[in-house]
Amino acid sequence: MEKWMNLRDEDLTEETKTLISSLSSEKGYLGRNLCKYQGSWYYYNFLQGVLNFQRGFKPQDTDIIVASYPKSGTLWLKALTVALFERTKNPSHDDPMSHPLLSNNPHNLVPVLEMNLYRDTQTPDLTKLSSSSPRLFSTHTPFHTLQVAVKDSPCKVVYICRDAKDSLVSRWHIVCRSLNKEEDRTILESMFESFCSGVCLFGPFWDHILSYWKASLEKPKQVLFMRYDEIKTDPHGQLKKLAEFLGCPFSKEEEKNGSLNKILEMCSLPNLSSLEVNKTGKSINGIEYKNHFRKGIVGDWKNHLTPEMGSKIDMIMKEKLKDYSEVWFENAL
């Protein structure tokens with residue numbers, strides 16, 4: 001089982017235990033307890049990470065935070081973001097193997113605030129990150145929870161959303177792989193029920209995406225809302241959009257010289273998954289890097305969910321998003 005699932009209750013601080021005792025609590029699909037904090041559900045150790053980063057994280061104005069609901073194209077967006085800034089720091093890269101993406105996994109290069117850096121402490125060692133500008137972080141918390149820590153900072157947040165059904169299936173696959181099980185339908189059905197009820201890690205899904213959607217409308221210069229499907233169908237346009245938002249736009253010469261194509265090729269899932277580090281490495285949470293890579297195909301849920309399951313999720317999403325009826329937004333989800 002994944003290392004992050006094994007944090008014992010006695011490893012939690014007394015403050016976290018006291019808070020948990022006052023919160024709504026439910027059993028998750030793997031039998032782990034979830035508690036509801038600021039409208040979202042967390043494993044106990046992740047809640048401790050949330051509390052720590054809300055109090056201890058000191059954002060710099062140039063920080064970039066990649067945000068997402070789990071398994072929504074996070075790794076891809078992290079890789080693209082790393083590559084965009086790497087080209088400005090080392091435009092020539094005389095030694096091809098010196099590129100950080102060739103020797104490190106995107107999840108390690110862009111660590112998760114609540115799951116990694118701040119899970120056990122309010123004062124993690126950010127020395128390595130502090131030596132680079134901008135510093136890159138990520139989070140799976142909804143925007144209103146993240147905002148507690150960054151409310152007075154102009155740091156930028158990039159959010160990626162994905163079709164709810166594809167996100168669920170992708171999450172199911174990594175859970176099965178981490179448990180050394182083949183495609184376990186029992187786990188999928190349990191995850192499906194949890195997903196539909198909203199009682200799932202970092203859920204409810206619909207509240208998560210809405211938190212960032214609203215923030216992108218209210219603070220368009222600080223929060224960029226991107227869609228996995230659009231990056232798949234228009235990678236060049238979306239990469240240019242991301243670069244412009246992050247303040248490192250492509251020059252006409254770069255576009256002419258194929259800089260966009262080079263980045264998209266380097267960050268493609270087939271290329272990243274073929275690298276030795278991603279075949280053999282493990283994250284600090286004990287998850288093998290290879291488990292993060294799958295097909296990345298839009299609509300792959302049809303190969304795993306029944307039509308009835310797909311219809312139920314669509315119906316729930318339509319109901320939850322009924323007050324946000326912009327056609328393009330509904331079509332994206």
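The values are calculated or read from the model by the stated rules, or taken from the named source; none is laboratory data. Source: prediction; values computed, not measured. Glycine also receives a Cβ, built like all others from the backbone with ideal geometry; neighbour counts cover every protein chain displayed. Heavy atoms of the whole protein, side chains included, go into the accessibility calculation; ligands, DNA and RNA do not. Shrake-Rupley method; radii C 1.70, N 1.55, O 1.52, S 1.80 Å.
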Taking a ≥ b ≥ c as the square roots of the eigenvalues of the Cα gyration tensor, with a/c under 1.5 meaning rounded and otherwise prolate when a/b exceeds b/c and oblate if not, the stretch 28-123 is prolate
Candidates 257, 33, 45; GNM for the chain (alpha-carbon contacts under 10 Å) flags as most fluctuating 257
Taking 242-248, 164-170 and ranking on average Cβ neighbours within 10 Å, highest first, one gets 164-170, 242-248
Note, residue 126: beta-carbon cut-off 11 Å, +1 each Lys/Arg, -1 each Asp/Glu, net +1
Lys and Arg at +1, Asp and Glu at -1: neighbours of residue 59 with Cβ under 15 Å from its Cβ sum to +2
If the label point sits 7 Å along Cα→Cβ of residue 323, residues of the stretch 200-220 with amide N under 17 Å come out as 204-218
The ³J(HN,Hα) series, computed from each phi in the stretch 23-34 with the Karplus coefficients 6.51, -1.76 and 1.60 at θ = phi - 60°, rounded to the nearest Hz and given as x for glycine or proline, is 9, 5, 9, 9, 7, x, 5, 9, x, 7, 6, 10
Of every hundred units of 1.4 Å-probe accessible area on the stretch 14-327, the number belonging to carbon and sulfur atoms, as a percent, is 50 percent
In cubic angstrom per residue, the convex hull of the stretch 14-327 built on its Cα atoms measures 141 Å³
If the chain between residue 151 and residue 88 were fully extended at 0.36 nm per residue, the gain over the current Cα-Cα distance would be 19.9 nm
Note to self: with every protein chain in place and a 1.4 Å probe, the chain gives an accessible area per residue in Å² of 46 Å²
Subtracting the Cα-Cα distance of residue 253 and residue 180 from 0.36 nm times their residue separation yields 21.5 nm
